[in-house]
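A short worksheet on the structure shown next.
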Amino acid sequence: MSLQAPRGTQDILPDRTPRWQFVETRFREVLARYGYGEIRTPMFEPTELFQRGVGTSTDIVQKEMYTFQDRKGRSLTLRPEGTAAVARAVVEHKLLATGQPQKMWYLGPMFRYERPQAGRYRQHSQVGAELLGVESPAGDFEMIALFVDLLDAVGLRQTRVLLNSVGDATCRPAFTETLRTYLRAHLSELCPDCVRRTEENPLRVLDCKVPGCREVARGIPRIQDHLCPACRAHQDELRTLLDRAEIPFEMADHLVRGLDYYTRTVFEVEHGGLGAQSAVGGGGRYDRLIEDVGGPSTPGVGFSSGVERILLALEAEGAALPGALTPEIMLVTVGEGEERREAMRLARRLRRRFRVDLDLRGRGLAAQMKAADRAGATLALLIGEGELAAREWTLKTLATGAQERVPDRELETRLLAMLSQDKGRE
Ligand SMILES: [Zn+2]
Ligand SMILES: [Zn+2]
């Protein structure tokens, strides 16, 4: 049997990578305008980082991590998400000692052992941003605005921003107890995971997708009714900022996100084209995370989004996405020998400025012209005996069949003029 990529992973072939490059390029532009710098952390970290940073009661740490021992018996884990590693790096390199807010983004593969489904892979690509050192709702606002603008920049339209608060150390313990009391009276209606969550982290029952649990969640106490004055004021100011910037959002009682580290603000962006797993991404505030991984007490807020899911949503909207680049010029040799050697030399020269292709297998003229059409080239540059002798080349516009002769020394200038008329040139 032939070998295949592991279940839940995918090859992104050259006809699809232009879509990825398009999305990544737009992201980089927007992130630069917001003043965020890129951080690249290792693909694997000590397992303990995720136990402390993501939380031992989360599905991620309990069921979804790729954990292994290296040859010295150290427990390492392929990163399941980006925030804990950024927090670790910021603490390790003492970036917070400057007293300045830290603004960072990342893009790269994350690894989770999940059931593969549309847009969900065991190795998936995430883009995310973190803002450290800002306690005020201005930080939450900036993150939501940045996320919305990233999605806008790639052309995604049918998005909805959902917002909630999960409280803080002042108000969440009492709410958690209220919730636990309520859930204990409904244990028989809950899935086995939620029975466990009732004791470990009852907030997580709110975002369980099992129908029975959703039914129970319907009658559940609302955290919005249990926020302390400080959390209430934080949320009110954030809502005011969003209103003033005309960023539409909806309050969502059941939104808690899957991670333990969130405090106060949580948000998600949904897209109608994604079916049941409708989130494009989300994030929130995490004012205790930096301490949890051993750093100084520092507020933080961030988000992450799956690139596969963004592409899926764009495709669901029928967005025009770039395909593979076509050659601008196809070199075509009429004869053998010298003409082919000249084609090789000329190709290298023209490739400093243009997308150029040519036949490398010594095929005949007709086959080369056919290949030029199939490749979607704009121009064919013909090299024959006459052209070689006169040091001028025949340029053929493939769409119209029009031909002209151009002296060698004017070649680049003429090509630029002809190709700039063609919309394909960027
Ligand atoms: Zn459940
Ligand atoms: Zn509170």
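The values are calculated or read from the model by the stated rules, or taken from the named source; none is laboratory data. Every value quoted in this text rests on a predicted model; they were computed, and no experiment measured them. Cβ sites come from the backbone with ideal geometry, for glycine too, and all protein chains shown count toward neighbours. The accessibility values were calculated without ligands, DNA or RNA, using every heavy atom of the protein model including side chains. Shrake-Rupley method; radii C 1.70, N 1.55, O 1.52, S 1.80 Å.
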How far apart, in nm, are two points set 7 Å out from the Cα along the Cα-to-Cβ line at residue 196 and at residue 209? 1.8
Stretch gain in nm, segment residue 344-residue 135, where the contour uses 0.36 nm per residue and the Cα spacing is subtracted: 69.1 nm
Could you check how much of the accessible area of the range 83-213 is carbon and sulfur, as a whole percent, using a 1.4 Å probe? 53
Going toward the positive end of the dipole of the chain, with +1 on Lys and Arg Cβ and -1 on Asp and Glu Cβ, which of 376, 365, 75 do you reach last? 365
Any lysines whose Cα falls less than 24 Å from that of residue 370, other than same-chain ones fewer than 8 residues away, would be 396, 423
One would report the Cα pair-distance distribution of the range 359-426, bin width 5 Å, in %, as 3, 15, 25, 25, 21, 10, 1
Given Cβ point charges of +1 (Lys, Arg) and -1 (Asp, Glu) and nothing else, what value in debye, to the nearest 20, does the dipole of the chain about its Cα centre take? 920
The range 203-278: translational diffusion in µm²/s, Stokes-Einstein, Kirkwood Rh over Cα pairs, 20 °C, 1.002 mPa s: 150
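If you take the Cα atoms of the range 308-384, find Rg, then find the Kirkwood Rh from the mean of 1/r over all pairs, what is Rg/Rh? Provide the component values of the computation, followed by the final result.
Details: Rg = 16.7 Å, Rh = 14.0 Å.
Looking at the range 308-384, the ratio lands at 1.19.
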On average, how much accessible surface per residue is there in the range 273-397, in Å², for a 1.4 Å probe, leaving out ligands, DNA and RNA? 43
Based on a Kirkwood Rh over C-alpha pairs, give the Stokes-Einstein translational diffusion coefficient of the range 74-183 at 20 °C and viscosity 1.002 mPa s in µm²/s. 123
Given H placed on each backbone N at 1.01 Å, which residues far from residue 280 in sequence or on other chains put an amide H within less than 5 Å of it? 269, 270, 271
Could you state the angle between the C-alpha long axis of helix 307-316 and the longest principal axis of the C-alpha atoms of the chain, as a value from 0 to 90 degrees rounded to the nearest 10? 70
In whole Hz and in residue order, list the ³J(HN,Hα) couplings for the range 127-139 that follow from phi through the Karplus curve 6.51 cos²θ - 1.76 cosθ + 1.60, θ = phi - 60°; x for Gly and Pro. 10, x, 9, 9, 10, 10, x, 10, 8, 7, x, 4, x
What is the calculated FRET efficiency for residue 405 to residue 152, with r their C-beta to C-beta distance and R₀ = 51 Å, to the nearest 0.05? 0.60
Inter-site label distance for residue 417 and residue 114 at 7 Å from Cα along Cβ, in nm: 5.6
May I ask you to work out the translational diffusion coefficient for the range 1-98 at 10 °C, viscosity 1.306 mPa s, via Stokes-Einstein with Rh from the Kirkwood sum over Cα pairs, reported in whole µm²/s? 96
At q = 0.12, 0.13 Å⁻¹, what log₁₀ I(q)/I(0) does a Debye calculation on the Cα points of the chain give, no solvent, two decimals? -0.98, -1.10
In degrees, nearest ten, helix 338-350 long axis to first principal axis of the chain (Cα): 40
If each residue of separation counts as 0.36 nm, what is the full-extension length gain between residue 7 and residue 24 once their alpha-carbon separation is subtracted? 3.6 nm
Gain upon complete extension [residue 43, residue 316; 0.36 nm per residue less C-alpha separation]: 95.2 nm
